[in-house]
Amino acid sequence: MRILVTGANGHLGRRLLGRLADDHEVVAVVRSPKALKILSGFRCQSLIVDYADGDALAVAARDCDCAVHLVGIIKETDKNTYKQAHELPCAALALAAEKAGLKQIVALSILGSNAESANGCLASRGVSENILLQGPVPVTILRVPMVLGENDFASRSLREKAKSRIAFTFRAASIEQPIYAADLVSAICALVENPVEDKVLELAGPESLSRRQLIKRVGQMIGRQPLVLSLPVAFGKWLGRVFEIVMSSPPVTEDLIDLLDHDDDIDALAVADKLGIELTSLEVMLTRVI
Ligand SMILES: NC(=O)c1ccc[n+]([C@@H]2O[C@H](COP(=O)([O-])OP(=O)(O)OC[C@H]3O[C@@H](n4cnc5c(N)ncnc54)[C@H](OP(=O)(O)O)[C@@H]3O)[C@@H](O)[C@H]2O)c1
């Protein structure tokens, strides 16, 4: 098969390229020369494309069977809005997929996405999912929670928290259900190779636990016993608002704190079975990424 991958330079994109290239021809699209350089060692054809330009995307997608759409953000800034990162690329991809005659689109999204959500990111994701789903090319949206992979930001920050004597976190009782990055890549490959009827699938790791338990579990693995102190989410949102007022690229925003507060607790095994993949246990996942 020939597969178009958007957002190919991202954390998941690079992992996916490595896997897809074993069995398929891959056309990897990015939006900057810097991103193109990151892909220089990968076995794929790589191109710079404006993700808002449906015609340019259609040219990139020529002769492809399927597109995997990985473009997305969890923190909006003045220079990179949700609309630029979600709605516009999805509208362009829907158009490009039709023009290029793709048979399928697989798009990654986030658990909790809903066009009616009060959270700006989840609402924008929901609208973008609808844009793809209303197009003529069959789409499977794969919604996932926090992804943990080797050397990624989420795993490093979890380790840093667990190393501290006192680990501060917003609402330590919030429920996490991390999925191993390699499992997610397997799920995407399974969907590409064996399309399913489902328009939306929700997948996560095999275990849900509170953020406090997760930090303590990592602490145990590295021989630490962090005291996890829970901060009110309202304080985090206030802090985010202040950052947004004084900085053009804030480290956190009100919306991001709210997004991270989402409780993730789904039946992941049924979807994993349907895709024919095995989910890595939390214990093994943490051993590999921490
Ligand atoms: N990693 C996770 O924990 C997680 C969890 C749930 C869902 N997801 C979703 O899965 C997808 C892939 O995740 P990832 O971890 O690989 O993300 P990532 O490393 O942040 O990569 C995101 C990609 O989106 C591109 N992008 C950002 N803003 C854009 C814009 N305005 N226009 C066009 N492209 C833009 C980035 O390009 P540049 O590099 O040029 O900015 C990059 O190629 C994303 O949609 C993400 O939200 C990830």
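The values are calculated or read from the model by the stated rules, or taken from the named source; none is laboratory data. As the structure is a prediction and not an experimental result, all values here were calculated from the model. Glycine also receives a Cβ, built like all others from the backbone with ideal geometry; neighbour counts cover every protein chain displayed. To get the accessible areas, we keep the full protein, side chains included, count just its heavy atoms, and leave off ligands, DNA and RNA. Shrake-Rupley method; radii C 1.70, N 1.55, O 1.52, S 1.80 Å.
Worth pointing out:
- Helix 233-246 axis versus longest C-alpha principal axis of the chain: approximately 60°, rounded to the nearest ten.
- When only Cα pairs below 8 angstrom with a gap of at least 6 residues are kept, the chain shows a relative contact order of 17 percent.
- Applying 0.36 nm per residue to the separation of Asp263 and Glu197 and subtracting their alpha-carbon distance, the gain on full extension is 21.0 nm.
- Solvent-accessible surface (1.4 angstrom probe) belonging to Leu111, in square angstrom, nearest 10: 10 Å²
- When the surface is traced with a 1.4 Å probe over the full set of protein chains, Lys161 keeps roughly 70 Å² accessible.
- Where only DSSP H runs of four or more residues are counted, the chain gives -12500 deg cm²/dmol as its mean residue ellipticity at 222 nm, each run worth -39500 (n - 2.57).
- Computed over the stretch 185-270, relative contact order equals 31 percent, with contacts defined as Cα pairs under 8 Å that lie 6+ residues apart.
- In order along the stretch 106-116, phi translates into HN-Hα couplings of 10, 10, 7, 9, 10, 4, x, 4, 6, 4, 8 Hz, rounded to whole numbers, per the Karplus curve 6.51 cos²θ - 1.76 cosθ + 1.60 with θ = phi - 60° and x for Gly and Pro.
- Sparse-neighbour loop sites [trypsin sites (Lys or Arg not before Pro); the stretch 216-260; at most 10 other C-beta within 10 Å; DSSP]: none
- Computed in the context of the full set of protein chains, the accessible area of the chain at 1.4 Å probe radius has 52% of its extent on carbon or sulfur.
- Sorting Thr287, Thr81 by solvent-accessible area of protein heavy atoms yields Thr287, Thr81, largest first, with a 1.4 Å probe.
- Helix 11-20 and the longest principal axis of the Cα set of the chain meet at an angle near 50°.
- Simple spin-label estimate for Glu98 and Val284 in nanometres, 7 Å along Cα-Cβ: 4.4 nm
- Relative to the dominant Cα principal axis of the chain, helix 153-163 is inclined by about 10°.
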